[in-house]
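Report on the following structure.
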Amino acid sequence: MAERRFLRHGLFRRRHAAPADEAVAVIGLGRFGQSLALELMDDGVEVLGIDAREDVVQSLDGRLTHVVRADATDEQVLRQLAVPEFGRVVIAIGSDIESSILVASLLRRFAVPTIWAKAVSDAHGLILEQLGVSRVVSPEKDMGRRVAHLVRGTMQDFIEIDADFAMVKTALSPELAGTRLGDSGIRRRYGVTVTSVKHRSGAWQPATQDTVLREGDVLLVTGPVRQAERFSRSAS
């Protein structure tokens with residue numbers, strides 16, 4: 001029903017205020033796809049959700065800008081849904097690798113400017129990269145790596161920016177309390193950079209050389225993973 005209603009009304013961008021190149025199409029509405037689509041909606045981004053399962057589509061009806069039951073591996077269906085006109089498309093298909101690869105191939109044929117795709121294995125990710133997908137993500141693998149870093153250290157949060165480079169949220173070592181950041185020697189001793197500081201009961205502030213570190217501060221630091229972990233452990 002959702003698919004027929006959508007096709008009768010024509011192109012996505014003709015129905016909504018935002019042009020298609022400012023909206024995002026999310027293909028595959030499993031746990032990852034749903035979470036992503038709903039987060040985008042919360043941020044004010046218009047979202048076209050596509051999934052082959054009627055129950056999933058019905059559960060999201062009214063929660064996304066539009067949600068459609070459709071076979072995303074069918075080129076004509078994607079054209080009818082104006083997917084080639086989107087500037088950003090996310091392939092969130094995880095359980096069917098063949099469909100994921102086929103959809104990626106179609107989107108590349110459409111010359112969609114930015115394509116994000118979920119990979120469920122290294123081999124899957126490699127194929128997507130070889131097809132020219134803009135960004136390949138591995139949610140389960142990335143989350144496992146992130147949690148492992150948190151479990152084995154004293155970090156409060158960990159975000160891997162690139163291979164062997166991370167941003168870490170960590171407490172301040174008591175021995176540095178009362179020290180001016182420029183005099184702390186943190187970069188020289190640990191090889192990391194303090195980018196922001198949150199004083200107790202305060203808000204996050206950009207860190208400068210004149211920032212005075214206080215007991216109970218929480219820091220955001222960037223640097224190579226091993227150095228960031230070592231700095232975090234110094235707070236324990």
Task: Residues of segment 94-104 that turn out to be open to solvent by less than 40 Å² (accessible area, probe 1.4 Å) and at pLDDT 95 or above, as a count - done: 4
TODO: Can you tell me which residue within segment 207-221, out of those that are of a type in the set (Val, Ile, Thr) and under 13 Å from residue 176 (Cβ atoms), is surrounded by the most Cβ atoms within 10 Å (Cβ to Cβ)?
DONE: 221
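Suppose the filter is modelled with pLDDT of 90 or more and surrounded by fewer than 18 Cβ atoms within 10 Å (Cβ to Cβ); does residue 227 pass it?
On the way: modelled with pLDDT of 90 or more: yes; surrounded by fewer than 18 Cβ atoms within 10 Å (Cβ to Cβ): no.
No, not satisfied.
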- [ ] Within segment 17-69, track down each residue that is surrounded by fewer than 18 Cβ atoms within 10 Å (Cβ to Cβ) and on the phi > 0 side of the Ramachandran plot.
- [x] 44, 62
Task: The lone exception for residue 130 - which of (1) open to solvent by 70 Å² or more (accessible area, probe 1.4 Å); (2) closer than 27 Å to residue 33 by Cα; (3) modelled with pLDDT under 95 it fails - done: (3)
- [ ] Answer yes if at least one residue in segment 214-221 is under 30 Å from residue 136 (Cβ atoms), modelled with pLDDT under 95 and part of a loop (DSSP other than H, G, I, E, B), and no otherwise.
- [x] no
Open item on the list: Conditions first: (1) open to solvent by less than 70 Å² (accessible area, probe 1.4 Å); (2) more than 19 Å from the chain's Cα centre (by Cα); (3) modelled with pLDDT of 95 or more. Residue 79 passes all but one, so which condition is the exception?
Closed with: (1)
Open item on the list: Being under 31 Å from the mean Cα position of the chain (by Cα) and free of Cβ contacts under 8 Å to residues at least 12 places away in the same chain is the filter here; which residues of segment 155-200 pass it?
Closed with: 162, 163, 187
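The values are calculated or read from the model by the stated rules, or taken from the named source; none is laboratory data. Everything quoted here is computed from the prediction, not taken from an experiment. All Cβ positions, even for glycine, are placed from backbone atoms using ideal geometry, and neighbour counts span all protein chains on display. We work out accessible area using only protein heavy atoms, side chains counted, and drop any ligands, DNA or RNA first. Shrake-Rupley method; radii C 1.70, N 1.55, O 1.52, S 1.80 Å.
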